[in-house]
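A.B. asks: Sharing a structure with you now.
The values are calculated or read from the model by the stated rules, or taken from the named source; none is laboratory data. Since we're looking at a predicted model, the values are computed, not measured. Don't worry about glycine lacking a Cβ; one is built from the backbone with ideal geometry, like all the others, and counts go over all protein chains shown. Note: areas computed on protein heavy atoms with side chains; ligands, DNA, RNA excluded. Shrake-Rupley method; radii C 1.70, N 1.55, O 1.52, S 1.80 Å.
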Amino acid sequence: MHDKEELKEIFENAENNLTKIYKFYKGEKLKETYLTCPTPKEDKDNVFENFIRALQNGSNIGPSAIQFENEEKKNRENIIKVCNGDDNNKILKLEKFEYTNADDLYKKFARKGLCQEENYKKNSSWYRFAQGIVAGAQKLKNEQNYNNFKKKFAINEPDKQKKAIKDFCQDIPNMGFELTCDFLKEFGFFQYGKPDVHIRNIFYNLGLIKNINDDNTAFDKICEIAKTTGKTPYYVDKVLWLLASGNFYKHIIVEKNKYKTAVLSRREMLTALTAPENKVSEGIYFKIKD
């Protein structure tokens, strides 16, 4: 445990720095845009879809390969169609998922043109994606209903949360502790933060954790900061992650009528942090993605 005043000061500085960066680029409604936990759609179909979204973000799979959330949505539509057994319903339906092994699901993805069947490899991103989906779907199907699922995770004690996370992901290939945290928090469980590499780096450099790869202790530290500051773990996670990554993913940056994804470099972050209090960007600003 660290001194409460120390943790409060660390987090208040983080909030202030994030606010300054956001204002410098003329961002509006920081809390509403990034720091408010999503309201979950309380049924198992939405749980399954959010599970797939989180799964693709794994470092050994990757959103750039799967593109479940890309702007054109073509992969998303085809993935949903395959998982629904070629049903034309554009909404993912857990009860329609009938695959029992990754090979069959991978081959169906290939037939849809999502991956190359002739380059079939069991260490490919799409095969790992298929492995996770099959195992995750089975686990979610075993839940009696959404309330049963919710009861397991809508808890506040860190030790019980960590046990629930590990029980869920232990037999789902390519999921793991971090991605399960990501799955839960982005679905709407505000009680969770994700102890990813960005946040672990912050904690390690501040001396808050001793091992930079320690998910468990970093998770505890997110919860401890939340309890000390009266915030939610989701809120703490987002503040620290935005500061560490510079990834304002809901925005693009406009500069002289040119657009780029709003992922700020260290130079851009430092420019905002060292600007005078009354200074905002001139000709460079955030714009919410259409």
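A.B. asks: Roughly how many debye, to the nearest 20, is the charge dipole of the range 38-156 about its Cα centre, given +1 on each Lys and Arg Cβ, -1 on each Asp and Glu Cβ, and no other charges?
C.D. replies: Working: 22 positive and 17 negative charges, 47 e Å.
Charge dipole, the range 38-156, about its Cα centre: 220 debye, nearest 20.
A.B. asks: Show me, for the range 229-244, the HN-Hα J-couplings you get by feeding each phi into the Karplus relation (A = 6.51, B = -1.76, C = 1.60, θ = phi - 60°), rounded to Hz, glycine and proline as x.
C.D. replies: 9, x, 9, 8, x, 4, 4, 4, 4, 5, 4, 5, 5, 4, 5, 6
A.B. asks: Using a 1.4 Å probe, what is the accessible area per residue for the chain, in Å²?
C.D. replies: Values: 15440 Å² over 290 residues.
That works out to 53 Å² per residue.
A.B. asks: While we're looking at this one, here's another question. For the residue pair residue 263 and residue 214, what label-to-label distance in nm results when each label sits 7 Å from Cα along the Cα-to-beta-carbon direction?
C.D. replies: 3.0
A.B. asks: Subtracting the Cα-Cα distance from 0.36 nm times the residue separation, let me have the gained length for residue 290 to residue 4 in nm, one decimal.
C.D. replies: Numbers: separation 286, 0.36 × 286 = 102.96 nm, distance 4.13 nm.
Gain on stretching residue 290 to residue 4: 98.8 nm.
A.B. asks: Now a separate question. Per the 1.4 Å probe, what fraction of the accessible area of the chain, in percent, lies on carbon and sulfur atoms? Could you put the intermediate results ahead of the total?
C.D. replies: On the way: 7050 of 15440 Å².
Here carbon and sulfur together make up 46 percent of the probe-accessible area.
A.B. asks: Of [x] 1.57; [y] 1.07; [z] 1.27, which one was derived for Cα Rg over 2.2 N^0.38 Å from the structure shown?
C.D. replies: Matching entry in [x] 1.57; [y] 1.07; [z] 1.27: [y].
A.B. asks: Let me ask another. Of 31/160; 41/112; 74/108; 20/238, which ones are farther than 21 Å apart at the Cα?
C.D. replies: Pairs exceeding the cut-off: 31/160; 41/112.
A.B. asks: Now, a different point. Calculate, for residue 107 and residue 70, the FRET efficiency according to 1/(1 + (r/R0)^6) with r their C-beta to C-beta distance and R0 25 Å; round to the nearest 0.05.
C.D. replies: Details: r = 23 Å, r/R0 = 0.91.
My answer for the efficiency is 0.65.
A.B. asks: Hey, what number do you get for the chain at 222 nm if only DSSP H runs of n ≥ 4 count, each worth -39500 (n - 2.57), divided across all residues, to the nearest 500? List each step's numbers first, then the result.
C.D. replies: Working: 13 runs with 153 residues, N = 290.
That calculation yields -16500 deg cm²/dmol at 222 nm.
A.B. asks: What ranking of 235, 249, 259 comes out by heavy-atom accessible area, probe 1.4 Å, highest first?
C.D. replies: Descending accessible area places them as 259, 249, 235.
A.B. asks: At a 1.4 Å probe radius, which order do 217, 36, 100 fall into by accessible area, largest first? Kindly include the intermediate steps, with their values, before the conclusion.
C.D. replies: Working: 217 50, 36 75, 100 115 Å².
I get 100, 36, 217, largest accessible area first.
A.B. asks: Along the charge dipole of the chain, pointing to its positive end and built from +1/-1 on Cβ of Lys, Arg, Asp and Glu, which listed residue (284, 33, 219) has its Cα farthest out?
C.D. replies: 284
A.B. asks: How far is helix 158-169 tilted off the main Cα axis of the chain, in degrees rounded to 10, range 0 to 90?
C.D. replies: That works out to roughly 30 degrees.
A.B. asks: Sticking with this one: Which order do the peptides 21-31, 129-139 take when ranked by the mean count of other beta-carbon atoms within 10 Å per residue, highest first?
C.D. replies: Details: 21-31: 17.2, 129-139: 22.6.
Per-residue Cβ counts within 10 Å, averaged per peptide and sorted highest first, yield 129-139, 21-31.
A.B. asks: Moving on to the next point. Can you give the FRET efficiency for residue 282 and residue 12, using 1/(1 + (r/R0)^6), R0 = 30 Å, r = Cβ-Cβ distance, to the nearest 0.05?
C.D. replies: Numbers: r = 29 Å, r/R0 = 0.95.
So the FRET efficiency works out to roughly 0.55.
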